[in-house]
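Since the structure comes first, as structure tokens, the remarks are kept for the end.
The values are calculated or read from the model by the stated rules, or taken from the named source; none is laboratory data. As the structure is a computational prediction, the values presented were derived from the model and not from experiment. Please note: Cβ atoms are built from the backbone with ideal geometry, for glycine as well, and neighbour counts cover all protein chains shown. Accessible surface is based on the protein model in full, side chains and every heavy atom, while ligands, DNA and RNA are left aside. Shrake-Rupley method; radii C 1.70, N 1.55, O 1.52, S 1.80 Å.
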Amino acid sequence: MQNLMRKQNTKSELPVGNKLELREMQGPLISDTADIAPAYGSTNVGFDLADISPATKTRILTLDMAEKGDFHPPPGEGEVRESWDSKLQFMLATIGYAVGLGNVWRFPYLAQKNGGGAFLIPYFIMLCLEGIPCFYLELAVGQRLRKGAIGAWNYVSPYAGGIGITSAVVSFNVALYYNTIIGWCLYYFFQSFQSPLPWAKCPGEEVNHTWRAVPECQRSSPTEYFWYRQTLDISSDIESPDKFNWRIAGCLLLAWFFCYLCMAKGIASSGKVVYVTATFPYLVLVIFFFRGITLDGMGKGLEHLFTPDWSKLADPVVWLEAGTQIFFSLGLAFGGLIAFSSYNPVHNNCFRDAITVSLCNCGTSMFAGIVVFSVLGFKAHTIHERCLSEREHLLRPLYPNVTELPHVIPKDIVDHLFNVTPGLRADFPECDLQKELSNSASGTGLAFIAFTEAINQFPGAPFWSILFFLMLFTLGIDSQFGTLEGVITSVVDLKLFPNVRKEILTGVTCLICFFLSLIFSQGGGNYVFTLFDNYAGNFPLLIVALCECITISYVYGLRRFSDDIELMTGSRPGMYWLFCWRFMAPATMLAILGASFFKMATEGSGYEAWDKNMATTVTLEWPRWCLFVAVFLILVSAIWIPLVALLRLFGYKLLPPEEPSWFPAEELRDYHNLIPHKEGALEKALLCCGPEAAQEDEREEDE
């Protein structure tokens with residue numbers, strides 16, 4: 001009896017195997033609802049000291065750890081991994097990583113192009129079938145295995161290590177050209193500190209002692225001229241690089257320096273930065289929202305964005321673009337989500353995080369669409385009113401006796417007016433508001449041409465321009481260092497340079513990326529950017545995500561994966577998630593891949609080039625060598641998946657064996673008070689093949 005007494009003045013806990021003992025005898029030793037059978041002869045599980053022995057290797061879990069969820073590896077058992085300072089920091093970093101430039105300049109364009117409000121149906125269906133399931137999977141893999149992408153997939157299976165390498169290579173390639181956008185935003189940001197803005201009107205030149213507007217600008221528009229000529233100094237095609245653009249190179253250097261500052265200390269530095277970079281874009285969007293709803297034409301813009309065209313739902317291209325937008329806007333398959341999640345506590349609720357971030361990302365896209373089209377509606381309204389005024393001014397003298405000008409003007413009159421009126425609109429005398437709204441561009445065309453043209457009409461235009469490009473910079477920078485974090489974490493986890501501090505490794509990586517990205521700073525750099533944007537990320541990322549779902553479902557095993565999630569979150573994933581991981585998400589990604597390859601093979605591919613003489617963009621076919629570059633960009637990433645598996649099959653180990661990271665399974669089971677899971681008939685039917693079948697056989701033999 002004396003052996004069961006406790007010292008009243010101690011604050012430590014007795015090691016009792018995988019069971020808990022409460023401190024200072026405060027309250028019952030074991031919860032009354034705990035489903036644990038006491039050992040024979042004990043009146044309370046807490047007094048079962050059968051495991052206490054100097055020779056027994058014990059695991060110590062204190063009540064404080066259980067109450068606070070403060071799980072840390074014991075000294076000498078597992079390496080100490082970086083961790084987020086708070087849950088808010090992780091959420092802001094993940095939201096900042098997922099919410100990027102595509103939410104602002106890609107989603108609004110796709111929505112108005114593919115049926116307006118009707119586009120939201122395939123958009124949300126794809127979100128539920130592939131977006132959230134894959135996001136949930138990556139967060140769970142990172143949190144459970146506590147490694148970067150390469151280490152995590154190499155641990156899941158030595159044959160699957162190539163998935164992580166592919167993610168790292170894709171992230172590296174995408175980071176090269178993505179930071180170029182940030183460089184362009186910095187250039188426009190610095191140019192915004194002028195009044196009037198440099199793209200507000202055409203620059204002039206002196207010809208024969210006569211001052212006139214630059215013809216190239218006069219034939220296009222001030223915003224197009226500033227973008228193509230003064231910013232990019234663009235060449236006629238990709239095979240004519242022309243001169244080097246030192247201004248963009250300087251902005252690129254500054255962009256990579258900012259990226260290094262955000263990542264130098266790992267999540268210790270990037271975790272602090274996200275408090276600004278993840279929240280500031282929302283502040284600016286709210287400001288632009290209240291400005292936009294006060295503008296003339298706002299209603300027409302929103303009507304154009306959300307008016308549903310139900311016939312578009314029968315077009316398979318609409319579903320393809322919805323699935324592609326969901327996939328890339330969430331930042332799936334880069335390895336960044338796995339890296340971020342690996343710094344979380346082992347008991348973090350990754351399911352709730354996946355739902356929250358995914359819905360926040362989609363909500364941001366829709367809110368950004370409202371903001372963008374309220375401003376573009378104002379731009380279209382202003383252009384339409386100007387067109388009507390110009391039409392009235394030029395045609396009224398020719399039709400003095402009519403109250404309303406005819407809709408169709410004879411061609412000879414139009415030709416005469418073009419000859420005597422310089423700078424006349426190319427589509428004169430047509431004034432179509434819907435056509436103006438439909439002309440809204442996507443990508444760089446929306447940000448640097450259409451939106452800047454709208455900002456020109458604002459009172460205090462420089463202020464709004466500074467806000468807009470500062471928003472684009474913060475939107476891009478946290479997505480950028482989130483993408484590059486997938487590369488850095490993988491290199492660190494592989495211990496390729498064990499004696500190099502992480503800040504030095506990050507600095508060297510950023511410096512290498514800067515020199516490689518200088519290829520985007522010459523006259524044809526925008527065309528090279530398009531080549532990278534079309535091929536460096538799209539296809540390899542879809543292949544990575546497809547392989548991730550297949551590996552978890554058919555190699556690691558959904559039963560084992562569900563057990564891991566239950567240990568971490570306290571609840572198992574439902575049948576819906578198992579069905580998506582095993583069937584729906586892979587099928588959706590296979591369909592997108594197949595449709596993309598088919599479309600490229602049947603329709604070909606080209607790029608938009610700037611014709612200086614016509615002062616407009618023209619579509620050109622990629623030269624043959626560019627097609628080889630495109631194939632190389634795809635293969636240099638995707639080849640690692642079969643290569644690692646084949647080398648492993650023939651006995652060669654490209655990647656060293658991965659040691660398991662610390663994971664307190666028994667402590668988590670006690671923390672969540674878990675009991676053995678009993679599978680229903682439907683779940684058994686779903687897990688009837690692959691490793692699940694072998695696991696079930698072993699379980700039945702044990703019973």
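For the chain, what does the alpha-carbon gyration tensor say about shape, rounded, prolate or oblate, given a ≥ b ≥ c as the root eigenvalues, a/c under 1.5 as rounded, and a/b over b/c as prolate? Prolate is the answer for the chain, as a/c is 1.5 or above and a/b outweighs b/c. The local environment of G151, defined by Cβ-Cβ distances under 10 Å, has a net charge of 0 under the rule Lys, Arg +1 and Asp, Glu -1. My understanding is that a pair violates if its Cα-Cα distance is over 24 Å; which of K411/K612; K265/K653; K435/K599; K147/K265; K379/K435 do that in this structure? Flagged as over cut-off: K411/K612; K265/K653; K435/K599. Local charge for W199 was computed over the other residues whose Cβ lies under 12 Å away, with Lys and Arg +1 and Asp and Glu -1, and equals 0. Here the contact order of segment 118-258, divided by its residue count and restricted to Cα pairs under 8 Å and six or more residues apart, works out to 18 percent.
For segment 101-182, the square roots of the Cα gyration tensor eigenvalues, ordered a ≥ b ≥ c, give a/c of at least 1.5 with a/b no greater than b/c, which places it in the oblate category.
Please identify the longest segment of the chain free of exposed chymotrypsin sites (Phe, Trp or Tyr not before Pro), where exposed means a DSSP state other than H, G, I, E or B and no more than 10 other Cβ atoms within 10 Å. With chymotrypsin sites (Phe, Trp or Tyr not before Pro) excluded where exposed in loops, the chain gives 194-649 as its longest stretch.
Computed about the Cα centre, the dipole magnitude for the chain is approximately 1240 debye when only Lys and Arg (+1) and Asp and Glu (-1) carry charge, each at its Cβ.
By its C-alpha gyration tensor, with a ≥ b ≥ c as the square roots of the eigenvalues, how is segment 123-163 shaped: rounded for a/c under 1.5, else prolate for a/b larger than b/c, else oblate? It comes out prolate by the Cα gyration axes.
Only helices enter the 222 nm calculation for the chain: every DSSP H run of n ≥ 4 contributes -39,500 (n - 2.57), and dividing by all residues gives -18000 deg cm²/dmol, rounded to 500.
When you filter the trypsin sites (Lys or Arg not before Pro) in segment 562-638 for DSSP loop state and at most 16 other Cβ atoms inside 10 Å of their Cβ, you are left with K612. In the context of the full set of protein chains, residues of the chain present 45 Å² of accessible surface per residue (probe radius 1.4 Å, heavy atoms only).
With Cα atoms defining each centre, segment 335-351 and segment 509-545 are spaced 28 Å apart in the structure. Taking every alpha-carbon pair under 8 Å whose residues sit at least 6 apart, the chain reaches a relative contact order of 28 percent.
Converting phi to 3J(HN,Hα) with the Karplus coefficients 6.51, -1.76 and 1.60 and the offset θ = phi - 60°, segment 616-626 yields 7, 8, 10, 8, 10, 7, 5, x, 4, 5, 5 Hz in sequence order, with x at every glycine or proline.
Summary value for segment 551-697: 35 percent relative contact order, contacts being C-alpha pairs under 8 angstrom separated by 6+ residues. With r defined as the distance between the Cβ atoms of L635 and T279 and R0 fixed at 35 Å, what FRET efficiency is calculated, to the nearest 0.05? It comes to 0.30.
For segment 348-490, the Cβ-based charge dipole about the Cα centre amounts to some 140 debye (Lys, Arg positive; Asp, Glu negative; other atoms uncharged). If the chain linking V500 and R669 were pulled fully straight, counting 0.36 nm for each residue of separation and taking away their Cα-Cα distance, it would gain 57.1 nm.
How far apart, in nm, are two points set 7 Å out from the Cα along the Cα-to-Cβ line at D432 and at M614? Distance between label points: 1.9 nm. Solvent-accessible area of the chain (1.4 angstrom probe, protein heavy atoms only): carbon and sulfur portion equals 61 percent. Each part reduced to its alpha carbon centroid, segment 594-648 and segment 378-399 end up 43 Å apart. The Cβ shell under 12 Å around F334 holds other residues with a net charge of -3, Lys and Arg each +1, Asp and Glu each -1. Counted residue by residue at 0.36 nm each, then reduced by the alpha carbon distance between them, the extension gain from F458 to R560 reaches 30.9 nm. Projected label points at L511 and N439, each 7 Å from Cα along the beta carbon direction, are separated by 4.8 nanometres. The slack between E205 and R352, meaning 0.36 nm per residue of separation minus the straight C-alpha distance, is 46.9 nm.
Compared with the dominant Cα axis of the chain, that is its longest principal axis, helix 640-649 is turned about 30°.
Between S157 and S83, the modelled labels are 3.3 nm apart [label points 7 Å from Cα along Cα→Cβ].
With a Förster radius of 56 Å applied to the C-beta separation of H393 and L313, the computed FRET efficiency comes to 0.80.
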